[in-house]
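This report refers to the structure that appears directly beneath it.
Computed from the coordinates by the stated procedures, all read-outs in this text should not be read as laboratory data. The shown structure was predicted, so the numbers you read here are calculated from the model rather than taken from an experiment. Counting neighbours? That spans all protein chains shown, and the Cβs are built from the backbone with ideal geometry, glycine included.
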Amino acid sequence: MFINLTEYFEGKDVSRELRITPEADSINRDGIEYPILKKEDLILTVTNLGDGRLNLKGETHMELGGTCDRCLADVTIPVELQFDYVVSKPDGYHEISDDEEAFMDGFELDTEAFIYNEMIMSLPMKVLCKETCKGLCPVCGKNRNMGDCGCDTFVPDPRLAAIKDIFNANKEV
């Protein structure tokens with residue numbers, strides 16, 4: 001959805017609150033699809049700051065579905081979007097930042113691109129079911145959060161492999 005910001009740029013001391021319903025059903029980051037399980041309306045406050053600048057301030061809450069990066073369990077990822085941007089009038093006098101180029105097209109604000117960009121930035125780098133997630137056993141694949149599997153997971157230090165070879169070569173039978 002596009003919102004024309006012309007009247008906000010032209011008006012003096014204009015400040016309005018807009019309610020925007022996100023349209024996307026999922027987002028994609030690095031080839032991983034995150035379905036949107038719950039979404040609330042974005043409350044966007046547009047304020048004229050004068051000198052051809054607007055303040056875009058807003059917040060919303062969403063919940064995304066995903067899998068834990070360690071144990072592959074299904075998780076719900078809460079995403080709190082809170083932002084405060086200053087955008088400039090596209091008249092050639094103001095320098096447009098890279099952030100603005102992503103969601104501004106002339107006097108039009110692309111709300112979907114705006115929300116999508118904020119969601120991508122708010123996602124954690126590593127999705128975990130809990131901070132203390134133990135992950136999967138590298139030997140049998142059992143979820144270690146459910147209990148210990150008893151597998152030997154000792155991995156010798158590869159830097160000492162040459163010493164081990166020397167001992168094995170000089171070992172008496």
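A few points about this structure:
- The stretch between Gln82 and Glu59, if pulled fully straight at 0.36 nm per residue, gains 7.8 nm over its current Cα-Cα span.
- Between the exposed loop cleavage positions of the chain, defined as chymotrypsin sites (Phe, Trp or Tyr not before Pro) in a non-H, G, I, E, B DSSP state with at most 16 neighbouring beta-carbon atoms within 10 angstrom, the longest gap is 1-92.
- Once the chain from Ile43 to Leu160 is taken as fully extended at 0.36 nm per residue, the excess over their C-alpha distance is 36.2 nm.
- The stretch between Lys134 and Thr6 holds 40.8 nm of extra length on full extension. This uses 0.36 nm per residue minus the Cα-Cα distance.
- Alpha-carbon Rg/Rh ratio, for the chain, with Rh computed the Kirkwood way: 1.27
- Positive-end residue, the stretch 22-173 charge dipole about Cα centroid, Cβ charges, pick of Ser122, Ile32, Leu136: Leu136
- With 28 Å as the limit, the listed pairs Lys142/Lys171; Lys39/Lys89; Lys38/Lys130; Lys38/Lys89 have Lys142/Lys171; Lys39/Lys89; Lys38/Lys89 beyond it between alpha carbons.
- Helical content alone sets the calculated 222 nm signal of the chain at -5000 deg cm²/dmol, taking -39,500 (n - 2.57) per DSSP H segment of four or more residues and averaging over every residue.
- Sequence of Ile77, Ile43 once ranked by neighbouring C-beta atoms within 10 Å, starting from the fewest: Ile43, Ile77
- Nearest-0.05 FRET efficiency for Leu18 and Thr67, computed from C-beta distance (R0 41 Å): 0.75
- This ranking places Ser15, Ser88 by how few other beta-carbon atoms lie within 10 Å of each, fewest first, which gives Ser15, Ser88.
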